[in-house]
């Protein structure tokens with residue numbers, strides 16, 4: 001399904017594991033922007049695929065949790081650069097996602113879903129964090145999960161929480 005949003009992804013891969021293509025990541029990210037009522041309609045994001053050691057180190061440094069995790073989100077601040085796209089439209093920098101492929105694959109197997117579906121969910125979840133969504137309270141979690149479910153269904157995947 002075509003999206004109206006545009007997202008440029010800088011994919012960094014520092015793992016030997018297979019990762020989704022840039023085009024796939026851009027599609028997932030754009031579908032997420034399309035599903036939000038407010039927020040940017042376009043932007044740029046860096047998605048870095050890492051090994052467990054880097055994920056663990058970043059998780060310990062920024063979240064005080066000394067273990068690898070599936071996805072970490074680092075939103076760009078209000079002073080983030082605005083980048084020029086090829087067609088001269090300004091692209092706001094949304095931030096960075098760090099995804100640990102091994103954790104995503106292990107979780108997917110444990111949850112009985114495909115790695116691709118779980119990768120999509122991690123990108124959707126991470127992009128929503130970059131846009132300011134969170135799940136610290138029950139209300140926030142309900143709102144964020146509803147958007148995630150809607151995006152995943154739009155992308156052809158089942159409810160990631162069901």
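The values are calculated or read from the model by the stated rules, or taken from the named source; none is laboratory data. As the structure is a prediction and not an experimental result, all values here were calculated from the model. Here Cβ is always computed from backbone atoms with ideal geometry, including for glycine, and neighbour counts include all displayed protein chains.
Couple of notes before you dig in:
- Those residues of the range 13-40 which are touching a helix residue (DSSP H, G or I) at 6+ places or on another chain (Cβ under 6 Å) and surrounded by fewer than 15 Cβ atoms within 10 Å (Cβ to Cβ), in sequence order: 17
- The set of residues in the range 28-47 being under 13 Å from the mean Cα position of the chain (by Cα), in a helix (DSSP H, G or I) and touching a residue at least 60 places away in the same chain (Cβ under 8 Å) consists of 28, 29, 31, 32, 33.
- Residue 43 satisfies every condition listed in (1) surrounded by 20 or more Cβ atoms within 10 Å (Cβ to Cβ); (2) modelled with pLDDT of 95 or more except (2).
- If you go through the range 1-15 and keep only what is in a loop (DSSP other than H, G, I, E, B) and either under 13 Å from the mean Cα position of the chain (by Cα) or in contact (Cβ under 8 Å) with a residue 12 or more places away in the chain (or both), you end up with 1, 3, 4, 5, 14, 15.
- Note on the range 53-162: enclosed strands (runs of 3 or more DSSP E) holding 1 or more residues that are at pLDDT 95 or above, touching a strand residue (DSSP E or B) at 6+ places or on another chain (Cβ under 6 Å) and surrounded by 15 or more Cβ atoms within 10 Å (Cβ to Cβ) are 71-75, 90-100.
- Number of positions in the range 1-12 that are out of contact with any helix residue (DSSP H, G or I) (no Cβ under 8 Å at 6 or more places or on another chain) and within 18 Å of residue 157 (Cα to Cα): 1
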